[in-house]
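Report on the following structure.
The values are calculated or read from the model by the stated rules, or taken from the named source; none is laboratory data. Predicted model, so just to flag it, every value in this text is computed and none were measured. In this analysis, Cβ positions are derived from the backbone assuming ideal geometry, glycine residues included, and neighbour counts consider all displayed protein chains.
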Amino acid sequence: MAFNNYNTLSKEDFKLVEPTKVEDLNPSFFKYNKDLNIIICSTCFLTLLNTKDIKKHLVKNHSDFYNNTKDIKDIIKKLEALNITSYLDLKTIPNNTYYFKDLPLIFNTFMCFKCNYITTSNKKLRTHLVTIKGLKNKDTTKRKDIITNIPIIILYPSLNKGLFIPKLPNLELNTSLVIREASTSSSSNSSTTSLKENDNTINTSNLFLDYISKKEDLILKAKEIDESTISNKALSSFLKNSRFNIYLENKNIKNLKGEI
Ligand SMILES: [Zn+2]
Ligand SMILES: [Zn+2]
């Protein structure tokens with residue numbers, strides 16, 4: 001998967017992404033993910049390092065809870081009995097798979113255009129390009145082969161470890177338009193071109209329904225969090241990402257008005 005198209009996302013865009021399931025533990029600020037076997041502290045926005053870190057973390061970061069909870073020993077025992085993968089044993093987390101809403105999204109990132117290696121350090125990425133790939137910068141101008149601002153999540157921020165690209169908002173509609181643009185501009189044989197155009201017609205007709213359902217979604221969400229207005233930013237970024245404005249081109253707005 002090419003992540004290059006995902007460097008204009010903002011936090012708002014992730015409202016459309018369903019968060020990965022986690023269980024509430026006791027204390028409820030601890031969240032457990034069964035798939036990766038990790039405990040996330042939703043107050044501190046990090047993942048506990050291992051079983052030993054449970055008590056340590058409570059003592060250090062939640063001393064009120066630790067000192068004022070009667071059955072704290074039993075609570076810790078129960079937590080320690082959970083299957084928890086140590087940060088040392090955690091395998092590479094696949095990109096575009098998990099989205100933990102209790103961990104912050106980080107946008108200040110640098111990615112290798114060849115292998116999707118991603119880091120928060122521009123220096124590390126430059127070293128990666130030069131030493132691993134042998135790609136020296138030709139002149140003193142700013143490197144153009146570094147992709148920036150791809151969103152990531154870091155499980156262990158203090159160690160800068162457990163870094164992955166979260167489940168991304170659906171930009172498929174965008175991609176289909178890019179394919180159409182590419183296929184109409186090239187002189188490829190007619191059968192492939194018409195096939196691609198068919199695909200695109202389906203996508204375009206879904207686009208309007210998709211827009212309406214997303215809009216309803218946003219209204220519902222706005223009501224849930226007791227906001228009096230719809231998040232205009234989320235809506236406009238959806239419009240931008242879906243290229244809904246392209247769909248509207250050459251359409252009679254009066255005819256569409258009733259449907260909105
Ligand atoms: Zn914590
Ligand atoms: Zn690379």
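Any residue that is part of a loop (DSSP other than H, G, I, E, B), within 16 Å of ligand 2 (Cβ to nearest atom) and surrounded by 14 or more Cβ atoms within 10 Å (Cβ to Cβ) - is there at least one of those in the stretch 5-19? Scanning the stretch 5-19 turns up no residue that is part of a loop (DSSP other than H, G, I, E, B), within 16 Å of ligand 2 (Cβ to nearest atom) and surrounded by 14 or more Cβ atoms within 10 Å (Cβ to Cβ).
Total residues in the stretch 88-138 satisfying the condition of being exposed (fewer than 12 other Cβ atoms within 10 Å of the Cβ) and within 16 Å of ligand 2 (Cβ to nearest atom): the figure is 6. Of the strands (runs of 3 or more DSSP E) lying entirely inside the stretch 86-193, those carrying at least 3 residues that are within 16 Å of ligand 1 (Cβ to nearest atom) and at pLDDT 90 or above are 153-156. Which condition from (1) within 24 Å of Lys34 (Cα to Cα); (2) touching a residue at least 12 places away in the same chain (Cβ under 8 Å) is the one that Ala81 breaks? Just one mismatch for Ala81, condition (2).
Among the residues of the stretch 8-22, at least one is within 15 Å of Phe100 (Cβ to Cβ) and aliphatic (A, V, I, L, M).
Is the stretch 27-41 home to any residue that is surrounded by fewer than 16 Cβ atoms within 10 Å (Cβ to Cβ), within 14 Å of ligand 1 (Cβ to nearest atom) and either part of a loop (DSSP other than H, G, I, E, B) or not assigned by TED's automatic domain parsing to the domain that holds Ser158 (or both)? There is at least one residue in the stretch 27-41 that is surrounded by fewer than 16 Cβ atoms within 10 Å (Cβ to Cβ), within 14 Å of ligand 1 (Cβ to nearest atom) and either part of a loop (DSSP other than H, G, I, E, B) or not assigned by TED's automatic domain parsing to the domain that holds Ser158 (or both). The single condition among (1) out of contact with any Pro (no Cβ under 9 Å at 6 or more places or on another chain); (2) among the aliphatic types (A, V, I, L, M); (3) farther than 21 Å from Asn83 by Cβ; (4) crowded, with 17+ Cβ neighbours inside 10 Å that Ala2 does not meet is (4).
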